[in-house]
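Trainee: One structure is given below, represented as structure tokens, and several questions about it will come after.
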């Protein structure tokens, strides 16, 4: 699983079921001090100096006005039903929950992936023919 960077592997065949899940530490998140909190500084002598408040910075807006269509499985991503066909969806195209947006091939089975959201495709995040992981974002929808 490490060699192929797999997070989850599931196999079901004729009454046999195997599920493997890699336990990885969560990504580190940088802690941020609130803007109003005083930060102590040290003088050249090594003794604590007076505390001061940092200058207020412009607030960072992380406005997420989009949704992501994510991969429900590990496999190979295809934007079209065949190499000669047009892609299922293009940037700027309006979709509904039942719209097929791509195919993911897993264990020689072609799985049609539905949008499950309503909106407009703003970006395709994966190249055609690329390997995808479970939960990996495939498209952004506004």
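Trainee: Give me the pairs: first residue in the stretch 3-18 and free of Cβ contacts under 8 Å to residues at least 24 places away in the same chain, second residue surrounded by 10 or more Cβ atoms within 10 Å (Cβ to Cβ), beta-carbon distance under 7 Å, and six or more apart or on different chains, which are they?
Mentor: Hits for this filter: 18/11.
Trainee: Separate question: Anything in the stretch 109-126 that is part of a strand (DSSP E or B) and in contact with a strand residue (DSSP E or B) (Cβ under 8 Å, 6 or more places away or on another chain)? List them, or say none.
Mentor: 110, 111, 112, 113, 114, 119, 120, 121, 122, 123, 124
Trainee: Also, I was wondering about something else. Quick one: which residue in 68, 98 is assigned to a loop (DSSP other than H, G, I, E, B) and modelled with pLDDT of 90 or more?
Mentor: On inspection, the qualifying residue turns out to be 98.
Let's see how each residue does on (1) within 22 Å of residue 137 (Cβ to Cβ); (2) modelled with pLDDT of 80 or more; (3) in a loop (DSSP other than H, G, I, E, B):
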site	(1), (2), (3)
18	no, no, no
26	yes, no, yes
50	no, no, yes
59	no, no, yes
63	yes, no, yes
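Trainee: Inside the stretch 1-16, can you point out the residues that are loosely packed, with under 10 Cβ neighbours inside 10 Å and at pLDDT below 75?
Mentor: 2, 3, 4, listed by residue number.
Trainee: Could you please let me know if residue 83 is assigned to a loop (DSSP other than H, G, I, E, B), at pLDDT below 55 and farther than 22 Å from residue 9 by Cα?
Mentor: The answer is no for residue 83.
The values are calculated or read from the model by the stated rules, or taken from the named source; none is laboratory data. Remember, it's a predicted structure, so these values are computed and weren't measured experimentally. Note that we place each Cβ from the backbone using ideal geometry, even for glycine, and neighbour counts take in every protein chain shown.
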